[in-house]
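Here is the structure we will look at.
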Ligand code: FES
């Protein structure tokens, strides 16, 4: 099997190999026919640009060369553009690949797609968490308001017995006064009767 010089050169000195710390997108794919595996790590910034990328490939010469060159081709590119990368472009960049090795270049393309899919899922989860936190805070505010209202109601109803007690005290005082007035009227009447007699 004849590989181009470029394929051999990259295979001997592949770039971007290993695990990428701080990666926020990871995709792993395998070739069911040969059992080769490729794992790709992407670090995508908030603008959707691939700032950095690395790969780990357990595979043949063509798979390793394809992975390395594919990573080279997507670093600094927007995710949307990285998704457009097809194996034809990879093969072109490698100079060529033997016909029976063309499927190996598919691994890189599929791994990028899997990583972007992972990125989308992570982003969706992060957005969900963010909304949950906001709604938790909002419901907390609602709870606080409810508590404040119920406390206000409780203090109002607690004030009522005071008013009632005051009213009762006032009423009993008034009652006492009218009884005293009655008594003094009775006393005056009896005094009048005694003086007449
Ligand atoms: S033979 Fe498996 S990827 Fe090349």
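Every number in this text was worked out from the coordinates using simple rules, so none of it is lab data. In this text the structure is predicted, and so the values were computed from the model without any measurement. Every residue, glycine as well, gets a Cβ built from its backbone with ideal geometry; the counts of neighbours run over all protein chains shown.
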### Message
Residue pairs, Cβ under 8 Å, 6 or more apart or interchain, first in the stretch 11-28 and in contact (Cβ under 8 Å) with a residue 24 or more places away in the chain, second assigned to a loop (DSSP other than H, G, I, E, B) and surrounded by 15 or more Cβ atoms within 10 Å (Cβ to Cβ). List them.
### Response
11/3; 16/75
### Query
When only residues in the stretch 66-97 that are within 34 Å of the chain's Cα centre (by Cα), touching a residue at least 24 places away in the same chain (Cβ under 8 Å) and assigned to a loop (DSSP other than H, G, I, E, B) count, which is nearest to the ligand (Cβ to nearest atom)?
85
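Can you report the number of residues in the stretch 18-36 which are surrounded by fewer than 16 Cβ atoms within 10 Å (Cβ to Cβ) and more than 16 Å from the ligand (Cβ to nearest atom)? Spell out the reasoning first.
The first filter runs over the stretch 18-36 and keeps only residues surrounded by fewer than 16 Cβ atoms within 10 Å (Cβ to Cβ), leaving 18-19, 21-22, 28, 32-35.
Now drop any that are not more than 16 Å from the ligand (Cβ to nearest atom), which leaves 18-19, 21-22.
Total meeting the criteria: 4.
Looking at the stretch 42-62 only, could you name the residues that are within 14 Å of residue 16 (Cα to Cα), within 14 Å of the ligand (Cβ to nearest atom) and either free of Cβ contacts under 8 Å to residues at least 12 places away in the same chain or buried (at least 24 other Cβ atoms within 10 Å of the Cβ) (or both)?
Taking the stretch 42-62 and keeping what is within 14 Å of residue 16 (Cα to Cα), we get 42-43, 50-57.
Remaining after also requiring within 14 Å of the ligand (Cβ to nearest atom): 55-57.
Of everything in the stretch 42-62, just one residue is within 14 Å of residue 16 (Cα to Cα), within 14 Å of the ligand (Cβ to nearest atom) and either free of Cβ contacts under 8 Å to residues at least 12 places away in the same chain or buried (at least 24 other Cβ atoms within 10 Å of the Cβ) (or both), namely 55.
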### Task
Go through the residues of the stretch 100-109 one by one and say whether even a single one is surrounded by fewer than 16 Cβ atoms within 10 Å (Cβ to Cβ), part of a helix (DSSP H, G or I) and within 16 Å of the ligand (Cβ to nearest atom).
yes
